[in-house]
Amino acid sequence: MTLPPNVHAAEPIPTAAKDAIDDLMQSGDLFRYTAPQDAPVALLEAEFAELLGTKYALAVSSCSAALFLSLKALDLPRDARVLIPGFTFAAVPSSIVHADFVPVLCEVGENYRIDIADFEAKLDNVQAVIISHMRGHTSDMDAIMALCDARNIPVIEDAAHSLGTTWHGRNIGTIGKVGCFSFQSYKMINAGEGGILITNDADLVARAVIMSGAYEHNWKKHKGPQGDNSPELEEAFARWQNKLPLYNLRLSNLSAAVIRPQIPELARRVRDGLANHDYVAGRLNTSPHIEVPAPLPPEQRAPDSIQFNLVGMQEHEIRAFAEATEARGVKVQVFGLSEDNARAFWNWKFLPETFDLPRTREMLMKACDVRLPVRLTRDELDVIADILLASVGEVTGPMPVYGT
Ligand SMILES: *Cc1c(COP(=O)(O)O)cnc(C)c1O
């Protein structure tokens, strides 16, 4: 019998990373700005921009740092209001508070995506938005961009969990003005910690580069597309020289050495992650008590976990279900039920304003989260699906049979 897999164990890092790290150990050259050119961090930026199809990339210490710098780079007045979905990770409103702005929360529907009516209703009183594609679920970017473009409101995409996801064939993270990604261990590329922002806007990237800690003339080591320093980028750096604070959120060469050999693995990870997810979704959807929301039609997902709603179950049954799965070796997180959950908006007590989001709250009270690392085998996926289905059956009892 296959045992429930350890869903927290990571995939091994490609061995090419070892050689790159050995070189760094020999040279001691760990700081991105020591070498005159081609530091691992700079090469990572060029490769990542090329992978996603943008002009510029800036690698930093985390996705949260990328979100913070993106907000600061927008040059908004202090206390500007920034709209975000009410279902996201606590680090997202935190980046807004850190930037001296005010988070505004909108409703999220049962399918984990932004409620466009509530988003539109709140849009006239905000100066920027962060679209957090939570757990890689893409909100309706056509509607969001049309609404924001009509009002000239800049869109930052929190694509931390969306590397490899596309919308109408276009990479998530390239639709808004800036896209931010994470290299934290639970994301598609694992460096323990790390993040990167991408954009086509020379002025925005110049501001972000300087604030990330490119002091004096270190910005000269940041290149545009094809390695050249375009006049527009040079002019932007010259414009902002000495005018911005340095927050020092740089990435180390060691992290870049761990990230770069994983880039060629991404397409496989995305393919396997989606196949695994869809296989488990198909099995779970055979239960009348489980609903895995469908992707939006333009969306091609890149999941490494699965989310589903429990249908027609009371809170005590939902708690009993989570206990039953855990007893069998599969951990289910119900976002709204576990104590101090960082994805439940009522736990963000650091917010300057509070929000009443009844629809989001209702969703969080029945939405379940199970990790499905892309390396799992079909047998391991079956063990997980069997345990989830058996646990839901145990808690709800046999389904009544109506008629014939
Ligand atoms: C992981 C994650 C973050 C934070 O990323 P860090 O690199 O840990 O700062 C932000 N938003 C979402 C949607 C995430 O999944």
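Label separation (residue 382 vs residue 3): 1.9 nm, computed from points 7 Å beyond Cα along the C-beta direction. When Rg and Dmax are taken over the Cα atoms of the range 209-347, they come to 23.4, 63 Å. Across the alpha-carbon atoms of the range 124-166, the computed radius of gyration and Dmax are 10.8, 32 angstrom. Beyond 22 Å in Cα-Cα separation lie the following of the pairs 187/366; 18/221; 55/221; 187/221; 72/177; 18/331: 187/366; 18/221; 187/221; 18/331.
Our Cα-only numbers for the range 103-200 put the radius of gyration and Dmax at 13.4, 39 Å.
Pairs of Cα atoms nearer than 8 Å and 6+ residues apart set the relative contact order; for the chain it is 21 percent.
Placing a label point 7 Å from the Cα of residue 10 along the Cα-to-Cβ direction, the residues of the range 159-174 whose backbone N falls under 19 Å from that point are 160-164. Compactness of the range 266-341 was expressed as the Cα radius of gyration divided by 2.2 N^0.38 Å, which yields 1.24. Counting only trypsin sites (Lys or Arg not before Pro) that DSSP places in a loop and that have at most 11 other Cβ atoms within 10 Å, the longest clean stretch of the chain runs over 79-242.
Can you pull the percent of Cα pairs in the range 67-110 with separation above 11 Å? More than 11 Å apart: 63 percent of the Cα pairs in the range 67-110. Of the two radii for the range 10-61, the radius of gyration is 1.01 times the Kirkwood radius, both from the alpha carbons; that is the Rg over Rh value. Note on the range 1-114: Kirkwood radius taken over Cα pairs, Stokes-Einstein applied at 25 °C and 0.890 mPa s, translational D equal to 136 µm² s⁻¹.
Dividing the Cα radius of gyration of the range 229-286 by its Kirkwood radius returns 1.32 for Rg/Rh. Take the Cα of residue 285, step 7 Å toward its Cβ, do the same at residue 21, and the gap between the two points is 4.1 nm.
For the range 168-273, chymotrypsin sites (Phe, Trp or Tyr not before Pro) meeting the loop criterion (DSSP other than H, G, I, E, B) and having at most 13 other Cβ atoms within 10 Å: 215. For the range 167-250, the percent of C-alpha pairs falling in each 10 Å distance bin, counted from 0 to the bin holding the largest distance, reads 16, 41, 34, 9, 0. Over the range 144-296, calculate the relative contact order: mean separation of alpha carbon pairs under 8 Å at least 6 apart, over the residue count, as a percent. Dividing the mean separation by the residue count of the range 144-296 yields 17 percent.
A cut-off under 13 angstrom between Cβ atoms defines the neighbours of residue 307, and their net charge, with Lys, Arg +1 and Asp, Glu -1, is +2. Along its three principal directions, the equivalent ellipsoid of the range 143-215 from the Cα gyration tensor extends over semi-axes of 22, 19, 9 Å, largest first.
The base-10 log of I(q)/I(0) for the chain, evaluated at q = 0.15 Å⁻¹, reads -1.39 [Debye formula, identical scatterers on Cα atoms, solvent excluded].
For the range 37-52, putting each phi into the Karplus relation 6.51 cos²θ - 1.76 cosθ + 1.60 with θ = phi - 60° gives couplings of 7, 6, 5, x, 5, 5, 5, 4, 4, 5, 5, 5, 4, 5, 4, 8 Hz, in residue order, rounded to whole numbers and with x for Gly and Pro. In the range 278-404, the ratio of gyration radius to Kirkwood radius, Rg to Rh, stands at 1.00 when only Cα atoms are counted. Tell me, what ³J(HN,Hα) does each residue in the range 238-246 have, in order and in whole Hz, if you take phi through Karplus 6.51 cos²θ - 1.76 cosθ + 1.60 with θ = phi - 60° and put x for Gly and Pro? With the stated coefficients, the range 238-246 comes to 4, 5, 9, 3, 6, 9, 10, x, 9 Hz.
Full extension of the chain between residue 326 and residue 152 yields a length gain of 57.9 nm, computed as 0.36 nm times the residue separation minus the alpha carbon distance.
The value given for the range 329-404 is a Kirkwood hydrodynamic radius of 15.4 Å, derived from the mean inverse Cα-Cα separation.
Quick note: the coordinates plus some simple rules give every number you see, no bench work behind them. The structure presented is a predicted model; accordingly, all values stated were derived computationally and were not measured. Backbone-built Cβ (ideal geometry, glycine too); neighbour counts: all protein chains shown.
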